[in-house]
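S.K.: I'd like to ask you about the structure that follows.
Here, each number is a calculation from the coordinates, and none is a lab measurement. This one's a predicted model, so the numbers in the text were calculated from it and none came from an experiment. As a convention, Cβ positions derive from the backbone with ideal geometry for all residues, glycine included, and neighbour counts pool all protein chains shown.
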């Protein structure tokens, strides 16, 4: 028995050590630097300033603004991803042939690097040479729109790109959920003559709840860490109106070299995301004990 | 079309039921087609621009269908030009880093998943802790990692990026492999113990072959994750050691916006993702993607 435990720990040790070295150590380091003021000159040592960074962050309109913009993108994109993703999942569930091919084509946006997704949507939304204005002009006679340099179209462009990249993934996960609903339950409802609307409302949606929660939380994490898409599509503009949290964090750290405040912002994001992760684990545990 | 119409005229009014079945068959395909157009149009656009001659790219309004074909953009990107470096070195760097880090992550991760799934060490806490690392986005850790790497002299090195990527993808491997370990039959391994095989021999000779399909899925996921990563590749490296994702934005900051070159380089950089999307779907549809939720 003891040999077995020893063997098991030695198998897990490399992973645990690596995750401590590059997961826990930076985390602790980050908390430490969050309490320090860094000089733009890297040869000068940082100074301990307690909660100074937190105070300056909470009175920083750009930080608060970046949280607000992230919240707007989050609400809009999450809503669209879940609604469109569920419609797509139902459609995929209804077809019998060709599903594997369709799914692998639909997954391409999710498999593409976010930086490339940013590049291609930046090209599509370009006011002069982009496809979207060309379609609007040629098919609908609409005058060119300055998508990425005006509001609110710049924000819409980012939301469209986020929805494009992740909705198929959401749909595939929800499709996996739909396939767990036992066929006989649906058949029984059909025999009883239940209308499709009520089957959806009283059978399908309640059984899909855990899948919605899980994929919703995964999307929250994806959107909070959003960086590449806004960085490429709008570069934060016009003004600072599309500077999401991730973009502002980078500005703090690598444009202003204010590593202390950037660390404090990271701490804030990690704590927020930890709450989300804890929620996720709880929900999964609930599902397990219920099953 | 006309055959269908005549048959409809010749028939009595189709029954409600037949009509409903018809709708049931076509509506899902209409929805799926709309999504396919949305999902694939940007890919079509990259390909279109990548093969479009420079003069045609900067025309207004942009032509939505192929115009003249040209391999210039691909050639500039592949061999380099006055405005940009050849892409091949960056693809090579990405390939070396992605493959090396994936191999390390899978070797470490599968051992860890086996220890957790078979022997239940560390109880629930250890598995939850490892899996929860997946929720720490690189962007949140990039500042302390930058400071750490600066102290350790790991900035802008292959070694730095490889150990970073390997570590960050270990939780993905563990998360994917746990389900496979738990559903693999124990009996074979117990038979091996009875025959006097040690733990390590049993793991390598008996357990690993059963886990093989899971390993290929994990390889696809880790490879794509690393290949696509930009934030760490740019902030912690990006000069001497520059991956393909670092190369792409550089084309924009050049004197002229190298539209065609960006499209051509993007196209080259997404080829592995497109190839692997087909492999990912088999796994995701089976609903196994959520270790805890099967």
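S.K.: Between residue B:275 and residue B:204, how high is the FRET efficiency from 1/(1 + (r/R0)^6) when r is the Cβ-Cβ distance and R₀ = 30 Å? Nearest 0.05.
M.R.: Values: r = 30 Å, r/R0 = 0.99.
That pair, residue B:275 with residue B:204, gives E of 0.50.
S.K.: Let me ask another. Using 0.36 nm times the number of residues separating residue B:158 and residue B:18, minus their current alpha carbon distance, what extension gain do you get?
M.R.: Roughly 44.0 nm would be gained on extension.
S.K.: Choose one answer from B:32, B:46, B:121: the residue with the largest mean-square fluctuation in a GNM of chain B with alpha-carbon springs under 10 Å.
M.R.: B:32
S.K.: Assuming a viscosity of 1.306 mPa s and a temperature of 10 °C, what translational diffusion coefficient in µm² per second does Stokes-Einstein assign to chain B, Rh being the Kirkwood radius over Cα pairs?
M.R.: 69
S.K.: Springs between alpha-carbon pairs under 10 angstrom, Gaussian network model over chain A: which of A:138, A:165, A:36 fluctuates most?
M.R.: Comparing A:138, A:165, A:36 in a Gaussian network model of chain A, the most mobile one is A:138.
S.K.: A further question follows. Could you work out how far apart the two model spin labels at residue A:181 and residue A:137 are, taking each label as a point 7 Å from the Cα in the direction of the beta carbon, and quote it in nm?
M.R.: For the pair residue A:181/residue A:137, the computed spacing is 4.6 nm.
S.K.: Here is a follow-up. I want to check the label-to-label distance for residue A:32 and residue A:96. Put each point 7 Å from Cα in the C-beta direction and report it in nm to one decimal.
M.R.: Label-label distance for residue A:32 and residue A:96, simple model: 6.4 nm.
S.K.: Roughly how many Å is it from the Cα centre of the range B:215-260 to that of the range A:29-73, as a whole number?
M.R.: Each part's Cα centre sits 28 Å from the other's.
S.K.: Still on this structure: Note down the relative contact order for chain B as a percent, whole number, built from C-alpha pairs under 8 angstrom at least six residues apart.
M.R.: Numbers: 278 pairs, mean separation 76.4, N = 294.
Result for chain B is 26 percent.
S.K.: Let me ask something else about it. Most mobile of A:251, A:190, A:68 per a Gaussian network model of chain A (Cα springs, under 10 Å)?
M.R.: A:190
S.K.: Taking a ≥ b ≥ c as the square roots of the eigenvalues of the Cα gyration tensor of the range A:1-155, is the shape rounded (a/c under 1.5), prolate (a/b larger than b/c) or oblate? Walk me through the numbers on the way to the answer.
M.R.: Values: a/c = 2.74, a/b = 1.28, b/c = 2.15.
Oblate, because a/c is 1.5 or more while a/b does not exceed b/c.
S.K.: Using helices alone, I'd like the mean residue ellipticity at 222 nm for chain A: each DSSP H run of four-plus residues gives -39500 (n - 2.57), total over residue count, nearest 500.
M.R.: Details: 15 runs with 206 residues, N = 291.
Roughly -22500 deg cm²/dmol at 222 nm, from the helical runs in chain A.
S.K.: How big is the range B:99-245 in terms of Cα radius of gyration and Dmax, in angstroms?
M.R.: Gyration radius and largest Cα-Cα distance of the range B:99-245: 17.4, 56 Å.
S.K.: Over the range B:213-256, how many percent of alpha carbon pairs lie in each 10 Å bin up to the one with the longest distance?
M.R.: Each 10 Å bin holds this share of Cα pairs: 26, 40, 23, 9, 2.
S.K.: Also: Testing the spin-label approximation: label points 7 Å from Cα along Cα→Cβ at residue A:257 and residue A:75. State their distance in nm.
M.R.: My value for the distance between the label points is 3.9 nm.
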